[in-house]
Amino acid sequence: MESFSNTNSSWPNLRGSIATNVFVLVFLRMGLGLIPGITVEAAWTITNLLYYSITFIMFHWVLGVPFALNQGEFEDMTLWEQMDKGEPFTPAKKYLTVIPILLFLISTHYSHYDVPTFGINFIALVIVLIPKFPSMHRVRIFGINQKSNTD
Amino acid sequence: MVVAVNTTFTLAYDVYSNVPGAAVVYKYIRDSHQNDPVRTLLELVFVVVMAWYFFNNKPKAKDEVKLTEKEIQDLCDEWEPEELVPRMTEFQNSDLENMAVIAGAAGTKCKLADGKERLNFASNNFIGVMNSESIKDKAIGALHKYGVGSCGPPGFYGTLDVHMELEQAIARFLGVESSIIYSQGFSTVSSVIPAFSKRSDILVVDDACGMAILKGVELSRSIVKFYRHNDMKDLENVLKKINESTKKKPLTRRFIITEGVFQAHGDMCNLPVIMALKEQYKYRLILEDSLGFGCVGQTGRGTPEHFGIAPADVDIYCATMANSLSSSGGFCAGRKEIVEHQRLSGLAYTFSASLPAILAVSALEALKILEANPNLSVECQQNAMAMREILLKAGIPQIRVADGYQTTPIIHIRLTSRLSTREEEELVLQEVVDQCIRDGVIVSRAKYVEGQELHLPVASVKLMASAGHTRRDSEKAAGIVRDAFRKVLKAHRLA
């Protein structure tokens, strides 16, 4: 039983959050496609990078909760670590892992990346995927983004 | 060999043509391939990762034990629930049965159930205003005007004009910017600590602090370091160690927490040194002065006044109003920001119904009496000194009176040689208490919730000095306690 719920991290479990993700992506890609002079490759790359960087900042960079909760229990945890009480392989975490990979695969399919563009997209995806692995739970590689002093 | 390879290919082709959607996959791979096998391989890795994550489920606990239905049934049958309320020991039972019962109003003198009037040295009535006529009159007036309870937390129509008046009066009395009233004395400091100190903040606490502070410390979930009671060298060591271990880490809030007058020992904290150390190491001080407020210092402004320190220099000053002010509830005084923060973050303030008006008015009246008669505090201290002197000069080597600070109103008398069990000690001391009550003086053993204190203090008989007693009564009472000790110790052949 939970004595309280972490309202900061429960929204990815809401119905419609997958649809919102897909909708945002379609909107982004189509919007970029409407800009005159932009190539297909550039449109896909920008879509990928925007989605990756926004989700990375939201789920893996910002620490804590924006309000006081349980004496600061979550103050050194990312949103990903707060979600579903830190358990891996939950439905929300599954779709949030699958969507960026699918996005990458679709983008390579519909475009003809040259090697540098492919590299940029590839590295961005790897960076986004690393913190999603269960073994990276509460791990700060090289102390990046380390906040509190645990005694 | 060639045949084997060929059959494998044929088999693969058969599978390919029979699996639905295989053609789509093939087309996808062909389109994405773009003559670069490395890219296809990398993409394949992603597909594998994706599939792995998608089809993985929560790992099961390794030590999970599978039980059969029968085993489960057996375990259920065997199970006997632990008693909801633990059975009381013989000692606890006799303790309850022999408890002195006061009939009628309590005061500096009070009647027990047998109808005989005795001197009361068991109440925290330090300035002797408990049940005084002027407070009673004011309380009756408040009862007629405001009724009994407020039935609402201060933020929801629970605040009355008398609460605000009392807050201002306390702030004015102490010479601080502002103060806040809690409706429970015990929960004041237990609420103030977690209001300011959160997880990963650092608390440095005197290890003789009472349960109210310990509960607050526990609730805050902060990092806690204890220093030996009143050992300033140890305190400095602890502060130094914390400094070293957190050198490269981000700054957190840090507090030193101590009682002003210690309830378990009757001595005072070494405030000047603590103030110097807190400045040097950049800590804030939370001072719990429930037993010092009103009865320590020249005019009753508590432990800070005793050491010539302005209460405003203590960052957070808490005390109960149930002791010197003979009312109920507690207050926290300090700078305006500190007080205002608690109006939403002090849980005992936000979520408790406010102090009943009748008690707020009583506290206010007691404070007015204290302000008008600043010598009440000194009288209480003189009585305490006179009592200590008699007990110290009693010439009984088997008892020990804490004499570090002679002026605190709370006097603990302990046995010098420890008996085999605590219960045995308590029984001897209870005999002393009973003897004193027979001789006309109400005293009490110091009682604690065992298992809830950090270090359970040694058993003791507790005397509370009061300005309400005359010097002669105080001396007489001390004499009776001394004689009771002599008699009981002699009976136990401890003398």
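The values are calculated or read from the model by the stated rules, or taken from the named source; none is laboratory data. Bear in mind that the values here come from a model prediction, so they are computed numbers and not experimental data. Using ideal geometry, Cβ is built from the backbone for each residue, glycine included, and neighbour counts are taken over all protein chains shown.
State which residue is nearest to the chain's Cα centre (by Cα) when the search covers only the range A:95-113 and only residues that are free of Cβ contacts under 8 Å to residues at least 24 places away in the same chain and surrounded by fewer than 19 Cβ atoms within 10 Å (Cβ to Cβ). Out of the qualifying residues, it is A:Val98.
Kindly check whether there is at least one residue in the range A:75-92 that is surrounded by 15 or more Cβ atoms within 10 Å (Cβ to Cβ), of a type in the set (Ser, Thr, Tyr) and under 19 Å from A:Val128 (Cβ atoms).
At the first step, the residues of the range A:75-92 found to be surrounded by 15 or more Cβ atoms within 10 Å (Cβ to Cβ) are A:75-84, A:88-90, A:92.
Then keep just the ones that are of a type in the set (Ser, Thr, Tyr); that gives A:78, A:90.
Among the residues that remain, those that are also under 19 Å from A:Val128 (Cβ atoms) are: A:78, A:90.
Looking for residues that are surrounded by 15 or more Cβ atoms within 10 Å (Cβ to Cβ), of a type in the set (Ser, Thr, Tyr) and under 19 Å from A:Val128 (Cβ atoms), one finds at least one in the range A:75-92, hence yes.
Yes/no matrix, rows are residues, columns are (1) surrounded by fewer than 20 Cβ atoms within 10 Å (Cβ to Cβ); (2) modelled with pLDDT under 90; (3) of a type outside the set (Phe, Trp, Tyr); (4) not in a loop (DSSP other than H, G, I, E, B):
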| site | (1), (2), (3), (4) |
| --- | --- |
| B:Ser417 | yes, yes, yes, no |
| B:Leu429 | no, no, yes, yes |
| B:Asp434 | yes, no, yes, yes |
| B:Leu463 | no, no, yes, yes |
| B:His469 | no, no, yes, no |
| B:Arg472 | yes, no, yes, yes |
| B:Glu475 | yes, no, yes, yes |
| B:Ala478 | no, no, yes, yes |
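Of everything in the range B:289-300, what is in contact (Cβ under 8 Å) with a residue 60 or more places away in the chain and under 22 Å from the mean Cα position of the chain (by Cα)? Give them in sequence order.
To start, the set of residues in the range B:289-300 that are in contact (Cβ under 8 Å) with a residue 60 or more places away in the chain comprises B:290-292, B:294-300.
Answer for the range B:289-300, where residues must be in contact (Cβ under 8 Å) with a residue 60 or more places away in the chain and under 22 Å from the mean Cα position of the chain (by Cα): B:Ser290, B:Leu291, B:Gly292, B:Gly294, B:Cys295, B:Val296.
Residues that are of a type in the set (Asp, Glu) and more than 30 Å from the chain's Cα centre (by Cα) are absent from the range B:153-167 altogether. Consider the range B:329-382 and keep the residues that are over 16 Å from B:Leu174 (Cβ atoms) and aromatic (Phe, Trp, Tyr). The one that is farthest from the chain's Cα centre (by Cα) is B:Phe351.
Are any residues in the range B:106-115 surrounded by 11 or more Cβ atoms within 10 Å (Cβ to Cβ) and either outside any strand (DSSP E or B) or not assigned by TED's automatic domain parsing to the domain that holds B:Leu463 (or both), and if so, which ones? Spell out the reasoning first.
Pass one, the range B:106-115, residues surrounded by 11 or more Cβ atoms within 10 Å (Cβ to Cβ): B:106-112.
Across the range B:106-115, the qualifying residues are B:Ala106, B:Gly107, B:Thr108.
Residue-by-condition table, conditions (1) acidic (Asp, Glu); (2) touching a residue at least 12 places away in the same chain (Cβ under 8 Å); (3) assigned by TED's automatic domain parsing to the domain that holds B:Met387:
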residue: B:Ile213; (1), (2), (3): no, yes, no
residue: B:His229; (1), (2), (3): no, yes, no
residue: B:Pro250; (1), (2), (3): no, no, no
residue: B:Leu271; (1), (2), (3): no, yes, no
residue: B:Glu279; (1), (2), (3): yes, no, no
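Of the numbered criteria (1) under 30 Å from B:Pro37 (Cβ atoms); (2) more than 9 Å from chain B (Cβ to nearest Cβ); (3) touching a helix residue (DSSP H, G or I) at 6+ places or on another chain (Cβ under 8 Å), the one A:Pro116 fails is (3).
Got at least one residue in the range B:258-274 being under 24 Å from B:Ser150 (Cβ atoms), among the aliphatic types (A, V, I, L, M) and surrounded by 19 or more Cβ atoms within 10 Å (Cβ to Cβ)?
In the first step, residues of the range B:258-274 are kept if they are under 24 Å from B:Ser150 (Cβ atoms); the result is none.
For the range B:258-274, residues under 24 Å from B:Ser150 (Cβ atoms), among the aliphatic types (A, V, I, L, M) and surrounded by 19 or more Cβ atoms within 10 Å (Cβ to Cβ): absent.
The set of residues in the range B:227-254 that are within 14 Å of chain A (Cβ to nearest Cβ) and crowded, with 16+ Cβ neighbours inside 10 Å comprises B:Val238, B:Ile242, B:Thr246, B:Thr252, B:Arg254. Among the residues of the range A:131-148, just one is within 19 Å of A:Ile54 (Cα to Cα), within 11 Å of another protein chain (Cβ to nearest Cβ) and in a helix (DSSP H, G or I), namely A:Lys132.
Condition check: at pLDDT below 95 and either within 14 Å of chain A (Cβ to nearest Cβ) or under 19 Å from B:Gln263 (Cα atoms) (or both). Does B:Asn120 satisfy that? It would help to see each step written out before you state the result.
Details: at pLDDT below 95: yes; either within 14 Å of chain A (Cβ to nearest Cβ) or under 19 Å from B:Gln263 (Cα atoms) (or both): yes.
When the stated conditions are applied, B:Asn120 passes them.
From the list B:Leu42, B:Leu75, B:Leu96, B:Leu11, which one is within 11 Å of chain A (Cβ to nearest Cβ) and assigned to a helix (DSSP H, G or I)? Just a single option satisfies the conditions, and that option is B:Leu42.
Regarding B:Pro20, is this residue at pLDDT below 75 and either in a loop (DSSP other than H, G, I, E, B) or within 14 Å of another protein chain (Cβ to nearest Cβ) (or both)? Step through it out loud before you land on a result.
Values: at pLDDT below 75: yes; either in a loop (DSSP other than H, G, I, E, B) or within 14 Å of another protein chain (Cβ to nearest Cβ) (or both): yes.
Here the answer is yes, as B:Pro20 does meet what is asked.
Residue-wise test of (1) loosely packed, with under 10 Cβ neighbours inside 10 Å; (2) within 14 Å of another protein chain (Cβ to nearest Cβ).
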position	(1), (2)
B:Lys58	no, yes
B:Glu64	yes, no
B:Leu67	no, no
B:Glu80	yes, no
B:Val85	yes, no
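Which one is surrounded by the fewest Cβ atoms within 10 Å (Cβ to Cβ) among residues in the range B:184-216 that are within 12 Å of chain A (Cβ to nearest Cβ) and among the β-branched types (Val, Ile, Thr)? Filtering the range B:184-216 for residues that are within 12 Å of chain A (Cβ to nearest Cβ) and among the β-branched types (Val, Ile, Thr), the one surrounded by the fewest Cβ atoms within 10 Å (Cβ to Cβ) comes out as B:Ile202. Against the numbered list (1) part of a helix (DSSP H, G or I); (2) of a type in the set (Ser, Thr, Tyr); (3) more than 30 Å from B:Ile413 (Cα to Cα), B:Ser354 comes up short only at (1).
Of the residues making up the range A:15-29, none is more than 24 Å from A:Ser107 (Cα to Cα) and in contact with an Asp or Glu (Cβ under 8 Å, 6 or more places away or on another chain).
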